[in-house]
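This is the structure I want to talk about, given as structure tokens.
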Amino acid sequence: MHTSKATLFVHLPAAAVIAFGSAMAAADEHASCDAFLPDPRTVLNQDVGPESCLMHEADMTYMGREYTRIDMGLDGTAEGYVTGEGTYHEYLTNGPDLIFEQAGTPGERQLAIARYERQRGSAILLVFPKSLDDWNGKLWVTAHGRGRSFRNGALKRWDRYLNAEDPIAELDKIDRVMISKGYALASTKRTSEQGIGEVIATLEDGSIVDFAAFNDNASLIKDFTLVAEKVLQERLGKKPSRTYLYGHSAGARIARSINYTPGLNEDAQGRPMFDGYLLDDSATGLWLPVVMRNGKDVLFQTDEEKALFRPQVEIVHQMYTKIWDRAPNRPAWVTNSYLGNKRVNAKIVMDKGLGDRFRMYEIRSMSHDGGEGLPPDNRLGKIRVLDVSLIIGGAIDKLDALVEGTGVPLASKSDWPVIGDIDDDGVIDNPAISYPEVACPLGVFYPYPKSGAGTTAFAAFTGEGLEPLDESNVFVDMNRNGIWDFRETPSAAWQRLGLLEAGEDLTQQRYVDCVTAAAIGLGNQGFFTAATTTRYIDEARAQSLDPSTLVE
């Protein structure tokens, strides 16, 4: 166990410190950004919050616009609750009434103060347009998922995120969508893997533990947001008019926790910290907006409490079929299905009268990984996934409309009748999103390497041989008949799906027409851009339908 406070890895003489407003610093030069740290808050009679900040700066160009990128490494502390044992007891949460009840975590809750270090990856990658004319005045803060640490190589020392030869390289596909739409971006980095000894926390009883992590911690995200906002105010002359939080997986759970926990979405002056939330496939489908007291749900029961709920748009990856092992103390209203919990969350939000500020959009045949960090073709070995970033721009617009009151976004889309059947006639009025690859299939996506995996692979309708087996030797039921048999041809599959009449062959024109209708449909719903629609149509025209040429 490490108990000493980490020292800075670099010490700059006064002459080497570059003023924040000066010319771009070289990649190996570091400047202080302490002037942009928020005032500390008092927790357990200690000052808590960011303590020290170093930065370096680079210019970058993306899609014809010039941007400034400032990487900031932070040392400091953040508070949260832990328990001594049980599921997620290490998660240093600021929403203990949500996490510990819903995870079935027993034991005494203790407030803890934990330390983060820039040498171990704690950082903000801040990107914003160089010209004020190119900025829409708003900021996106992003929170990544679980499993990132310096120890496992998923985090880098703060000044190693930047590739000076390619400053855009560290930004994933979703980051790039955000800046392309005129937003400033603050991509946050934190240790989100528990039980590895990388984060040292002091409990309120004075004991020191090394099992905690910032996987569910809102305080760190809020502090990093304040730093980013202050930099933008200095460099662009004004504070963001809106600040939004995007979270994937555990990052999405943090966003729910902030929006659902009374008072958590407030800054030191009591103002909303985040104006809206975009949640990308929340981990385990939680947290649900429920707090039970004496057998009654006490959350969002009054008009005053409901007024604090900020607009929330959720992307749900329907093929993430993972099962959450049942804990003995977990309440019955929490399911052991990740997808089930996401759907239950939507129902509870709407049942509580918050549906005017909430949307959920399911995507068929997409597992947890939406390709945001994969190569442009969304493939890696046998892994092949659908690209969630293609609809993120539309989801951003829908959230912004909810926040600004500029329109009523498309209704929630789900294959669960409770959400998708709006008139209770037994017909799904608003079905889940089908990408053209799913609406006009030349094969099927399936969880890979096994059921419950966060990635998918693709099995083509080759008409040759048996349906494939996954890495657990479970067959992929491509034709949905419940047995392990032979692969269909594309024409046979389309006949089974009702896309062709019995005996009719799939032609190039029929395929192009189908892809065109699917892509234009998603464009009309505000998900696909015109460029994405055109690309799908062009690729359909060039696609060979010879089963022997279909690539898995």
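Just checking, does the stretch 470-479 include any residue being farther than 30 Å from LYS398 by Cα, crowded, with 17+ Cβ neighbours inside 10 Å, of a type in the set (Ser, Thr, Tyr) and not assigned by TED's automatic domain parsing to the domain that holds SER365?
Here is the first cut: in the stretch 470-479, the residues farther than 30 Å from LYS398 by Cα are 470-479.
Now restrict to residues that are crowded, with 17+ Cβ neighbours inside 10 Å: 470, 476, 478-479.
Now restrict to residues that are of a type in the set (Ser, Thr, Tyr): none.
No, the stretch 470-479 contains no residue that is farther than 30 Å from LYS398 by Cα, crowded, with 17+ Cβ neighbours inside 10 Å, of a type in the set (Ser, Thr, Tyr) and not assigned by TED's automatic domain parsing to the domain that holds SER365.
Same structure, new question: Here are GLU464, GLU552, GLU471: which of them is assigned to a loop (DSSP other than H, G, I, E, B) and farther than 22 Å from ARG379 by Cα?
Exactly one of GLU464, GLU552, GLU471 is assigned to a loop (DSSP other than H, G, I, E, B) and farther than 22 Å from ARG379 by Cα, namely GLU464.
Please find, within the stretch 535-552, the residue that is farthest from the chain's Cα centre (by Cα) out of those that are within 30 Å of VAL408 (Cα to Cα) and touching a residue at least 12 places away in the same chain (Cβ under 8 Å).
Residue satisfying both the conditions and the ranking: ILE537.
Can we say ALA213 is part of a loop (DSSP other than H, G, I, E, B) and more than 17 Å from ARG69 (Cβ to Cβ)?
So ALA213 passes the test.
With (1) closer than 30 Å to ILE433 by Cβ; (2) among the polar types (S, T, N, Q); (3) at pLDDT 95 or above as the list, and THR321 as the residue in question, which single condition is left unmet?
(3)
Which one of these is in contact with a strand residue (DSSP E or B) (Cβ under 7 Å, 6 or more places away or on another chain), within 30 Å of GLY206 (Cβ to Cβ) and among the aromatic types (Phe, Trp, Tyr): TYR88, TYR81, TYR67?
Exactly one of TYR88, TYR81, TYR67 is in contact with a strand residue (DSSP E or B) (Cβ under 7 Å, 6 or more places away or on another chain), within 30 Å of GLY206 (Cβ to Cβ) and among the aromatic types (Phe, Trp, Tyr), namely TYR81.
With respect to LEU499, determine if the residue is touching a Lys or Arg at 6+ places or on another chain (Cβ under 9 Å), touching a residue at least 24 places away in the same chain (Cβ under 8 Å) and more than 30 Å from TRP324 (Cβ to Cβ).
Yes, satisfied.
In the stretch 136-154, which residues are among the hydrophobic types (A, V, I, L, M, F, W, C) and touching a residue at least 40 places away in the same chain (Cβ under 8 Å)? Please lay out each step first, then the result.
In the first step, residues of the stretch 136-154 are kept if they are among the hydrophobic types (A, V, I, L, M, F, W, C); the result is 139-141, 143, 150, 154.
Correct list: LEU139, TRP140, VAL141, ALA143, PHE150.
From the set of residues in the stretch 309-347 that are among the hydrophobic types (A, V, I, L, M, F, W, C) and surrounded by fewer than 17 Cβ atoms within 10 Å (Cβ to Cβ), which is farthest from LEU279 (Cα to Cα)?
Within the stretch 309-347, the match that is farthest from LEU279 (Cα to Cα) is ALA332.
For the stretch 400-422, enumerate the residues that are modelled with pLDDT under 95 and more than 21 Å from the chain's Cα centre (by Cα).
Those that are modelled with pLDDT under 95 and more than 21 Å from the chain's Cα centre (by Cα): GLY407, VAL408, ILE422.
Would you be able to tell me the number of residues in the stretch 155-200 that are in contact (Cβ under 8 Å) with a residue 12 or more places away in the chain, part of a loop (DSSP other than H, G, I, E, B) and under 16 Å from GLU372 (Cα atoms)?
4
Checking the conditions here, which among ASP429, ASP421 is more than 19 Å from ASP281 (Cβ to Cβ) and crowded, with 17+ Cβ neighbours inside 10 Å?
Testing whether each residue is more than 19 Å from ASP281 (Cβ to Cβ) and crowded, with 17+ Cβ neighbours inside 10 Å leaves just ASP421.
Restricting to the stretch 474-501, count the residues that are in a loop (DSSP other than H, G, I, E, B) and either over 12 Å from ALA459 (Cβ atoms) or of a type in the set (Val, Ile, Thr) (or both).
Within the stretch 474-501, residues that are in a loop (DSSP other than H, G, I, E, B) and either over 12 Å from ALA459 (Cβ atoms) or of a type in the set (Val, Ile, Thr) (or both) number 13.
I've got another one for you. Quick one: is ASP47 more than 25 Å from the chain's Cα centre (by Cα) and either surrounded by 24 or more Cβ atoms within 10 Å (Cβ to Cβ) or without any contact (Cβ under 8 Å) to a residue 40 or more places away in the chain (or both)?
Judged against the criteria, ASP47 is a match.
Can I ask one more? Scan PHE274, PHE300 and give me the residue that is among the aromatic types (Phe, Trp, Tyr), closer than 14 Å to LEU245 by Cα and touching a residue at least 24 places away in the same chain (Cβ under 8 Å).
Details: PHE300 fails: closer than 14 Å to LEU245 by Cα.
Unique residue meeting the criteria: PHE274.
I've got another one for you. Would you tally the residues in the stretch 196-254 being among the basic types (Lys, Arg) and buried (at least 23 other Cβ atoms within 10 Å of the Cβ)?
2
For the stretch 221-234, state whether one or more residues are free of Cβ contacts under 8 Å to residues at least 60 places away in the same chain, under 27 Å from SER32 (Cα atoms) and out of contact with any Asp or Glu (no Cβ under 9 Å at 6 or more places or on another chain).
Among the residues of the stretch 221-234, at least one is free of Cβ contacts under 8 Å to residues at least 60 places away in the same chain, under 27 Å from SER32 (Cα atoms) and out of contact with any Asp or Glu (no Cβ under 9 Å at 6 or more places or on another chain), which makes the answer yes.
The values are calculated or read from the model by the stated rules, or taken from the named source; none is laboratory data. Worth saying up front: this structure is predicted, and the values here are computed from it rather than measured. Here Cβ is always computed from backbone atoms with ideal geometry, including for glycine, and neighbour counts include all displayed protein chains.
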